Amino acid sequence: MTTEPAKRQPLPWFAFNIAEYVPDTMRLTTEAHGAYLLLILDYYGTATPCPDDDFVLAAVAKLPIETWTRYRKVLEPFFDVRDGCWFHKRVERELADASRRLANAHAVAVAGGKARAAQRAAEMEKTTAKPRRIAAGSVAIQPTAQPAGEPEAQPPTSRQPAHSTLTKDS
C-alpha cells in the first residue's frame, strides 16, 4: 500500500525571518544571495522542492549554467539534497504549518456547517405542523409558532372576564 504525500498549497506570502537569514548568509555574495532567495521563492511558490538538475536550478536562480555551477558549491549546504530534490528545512516547516492551519480551518468550517444545518433543521421542525401520536389510535396536531407581528391570544385570567360588554353605565 502506497501513501501519497499530502497535497500542499503554494504560499502567497511568507514571513521573512531576518534574525535567521542574516547570520547564516553573511558570507554570500550579492549574486549568491539573489540565487538563494530565488530558489527559496520558487519553493514557496510551488510548494515543491527543485529537482537536483543543474539546468533547472540555474534557470530558477536566473544564472547562466557556468555561473550556477560555481555557486552550486556555495548554495548546496543551505539545502538537504536527497531523493533527487533540493529540500530546505525552513521552507518545509512553513509549508507544513500552512497545511496544518488550512486543514484545521477546513475542519472547523465543516463542523460549523454541520452544526448550522442541524440548527436549521431543528428550527424547521419546530415551525412546521406535524401530526404526532399521543396515544394509540389518536392524533394531535402540534401548534405552529405565532407569526411575527401578531399578538398572541392570552387565556382569560381571574381579573379579566372571558368576554366583556360595554354598557352605558361603564
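The values are calculated or read from the model by the stated rules, or taken from the named source; none is laboratory data. In this text the structure is predicted, and so the values were computed from the model without any measurement. Cβ atoms come from the backbone with ideal geometry, glycine included; neighbour counts cover every protein chain shown. Surface accessibility is based on the protein's heavy atoms, side chains included, excluding ligands, DNA and RNA. Shrake-Rupley method; radii C 1.70, N 1.55, O 1.52, S 1.80 Å.
Just checking, does the range 18-29 include any residue being of a type in the set (Gly, Ala, Ser) and either touching a strand residue (DSSP E or B) at 6+ places or on another chain (Cβ under 6 Å) or under 23 Å from ALA103 (Cα atoms) (or both)? No. Each residue in the range 107-131 was checked for being of a type in the set (Ser, Thr, Tyr) and part of a helix (DSSP H, G or I), and 1 pass. GLN9 satisfies every condition listed in (1) crowded, with 16+ Cβ neighbours inside 10 Å; (2) part of a loop (DSSP other than H, G, I, E, B); (3) under 20 Å from the mean Cα position of the chain (by Cα) except (1). If you check ALA59, ALA47 for being small (Gly, Ala, Ser) and in contact (Cβ under 8 Å) with a residue 40 or more places away in the chain, only one passes: ALA47. Considering only the range 65-107, state which residues are more than 16 Å from HIS33 (Cβ to Cβ) and either touching a Gly at 6+ places or on another chain (Cβ under 9 Å) or open to solvent by 70 Å² or more (accessible area, probe 1.4 Å) (or both). Within the range 65-107, GLU66, ASP80, ARG82, ASP83, LYS89, ARG93, ARG100, ARG101, LEU102, ASN104, HIS106 qualify.
Tallying residues that are in a helix (DSSP H, G or I), within 34 Å of the chain's Cα centre (by Cα) and basic (Lys, Arg) within the range 54-106 yields 5.
Criterion first (open to solvent by 30 Å² or more (accessible area, probe 1.4 Å), within 25 Å of SER99 (Cβ to Cβ) and modelled with pLDDT under 95) does LEU38 satisfy it? Judged against the criteria, LEU38 is not a match.
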